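The values are calculated or read from the model by the stated rules, or taken from the named source; none is laboratory data. Everything numeric in this text was worked out from a predicted model, so none of it was measured. All Cβ positions, glycine included, derive from the backbone under ideal geometry; neighbour counts span all protein chains shown.
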Amino acid sequence: MGLSNLGIFHTAIGIIAIGAALVSYVKYRKINLAGKSGIIYFVGTVITSVTALGLSKHRGFNPGHLFSLLVLVLVLVALFLYAQKKGNTKARYFETFCLSFSFFLSLVPTVNETFTRVPVGNPLAKDASDPLIGKTLLVLLVLFVAGAVYQLIQQRKINKG
């Protein structure tokens, strides 16, 4: 697989963050910063985003770095909105969206890197332009949009109740 020590650390923390997000989705139907899984997602995502800036197959700034910076901004905005919780129910819409969008954006390079590396010696995809990666990302986009709509409807019910 040819991962550096930073790459191994980045990958391990990223897997933990993705797992924590999935646990939070199952438990709360959103990434919930009030829950342990939400906190683990937040911290893991910050670490993964920052360490991604030190990784590059092609030298220099690349789209993966841009994704990392955007994900970092999204989770920091979500944390700020979470901290403004008292009396500001409209902030919950944006907080939830930012966390879900950060999760979706995290999956873009994750799918690309995983499919072009695994299984070792005979990866599922040749490169980022492989149709399998495109189809997988399309499915994830549809799931993200459906999930975001569901979360907004649920938040509306909470805000009205």
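A few remarks follow.
- Test: residue in region 138-156 that is aliphatic (A, V, I, L, M), in contact (Cβ under 8 Å) with a residue 40 or more places away in the chain and in a helix (DSSP H, G or I): yes
Okay, residues lined up against (1) acidic (Asp, Glu); (2) modelled with pLDDT of 95 or more; (3) farther than 23 Å from Ile39 by Cβ; (4) surrounded by 13 or more Cβ atoms within 10 Å (Cβ to Cβ):
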residue	(1), (2), (3), (4)
Val77	no, yes, no, yes
Lys86	no, no, no, no
Leu99	no, yes, no, yes
Leu107	no, yes, no, yes
Glu113	yes, no, yes, yes
Ile133	no, yes, yes, yes
Leu137	no, yes, yes, yes
Val142	no, yes, yes, no
Val145	no, yes, yes, no
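- Scanning region 30-43 for residues that are part of a helix (DSSP H, G or I) and under 24 Å from Tyr150 (Cβ atoms) gives Lys36, Ser37, Gly38, Ile39, Ile40, Tyr41, Phe42.
- Search result, residues across region 52-80 that are within 19 Å of Gly7 (Cα to Cα) and not in a loop (DSSP other than H, G, I, E, B): Ala52, Pro63, Gly64, His65, Leu66, Phe67, Ser68, Leu69, Val71, Leu72
- Any hit, region 150-161, residues being over 15 Å from Gly14 (Cα atoms), buried (at least 17 other Cβ atoms within 10 Å of the Cβ) and modelled with pLDDT of 90 or more: yes
- If you go through region 1-29 and keep only what is touching a residue at least 40 places away in the same chain (Cβ under 8 Å), part of a loop (DSSP other than H, G, I, E, B) and either surrounded by 13 or more Cβ atoms within 10 Å (Cβ to Cβ) or of a type in the set (Gly, Ala, Ser) (or both), you end up with Ser4, Arg29.
- Yes/no for Ser49 being part of a helix (DSSP H, G or I), modelled with pLDDT of 95 or more, crowded, with 19+ Cβ neighbours inside 10 Å and in contact with a Ser or Thr (Cβ under 6 Å, 6 or more places away or on another chain): yes
- Inside region 81-118, residues that are within 23 Å of Ala17 (Cβ to Cβ), in a loop (DSSP other than H, G, I, E, B) and either in contact with a Cys (Cβ under 8 Å, 6 or more places away or on another chain) or of a type outside the set (A, V, I, L, M) (or both) make up a count of 3.
- Qualifying position, being outside any helix (DSSP H, G or I), farther than 18 Å from Leu66 by Cβ and among the polar types (S, T, N, Q), among Asn159, Asn122: Asn122
- Test set (1) in contact (Cβ under 8 Å) with a residue 60 or more places away in the chain; (2) under 20 Å from Ala12 (Cα atoms); (3) surrounded by fewer than 19 Cβ atoms within 10 Å (Cβ to Cβ); (4) out of contact with any Pro (no Cβ under 8 Å at 6 or more places or on another chain) - Arg117 fails condition number: (4)
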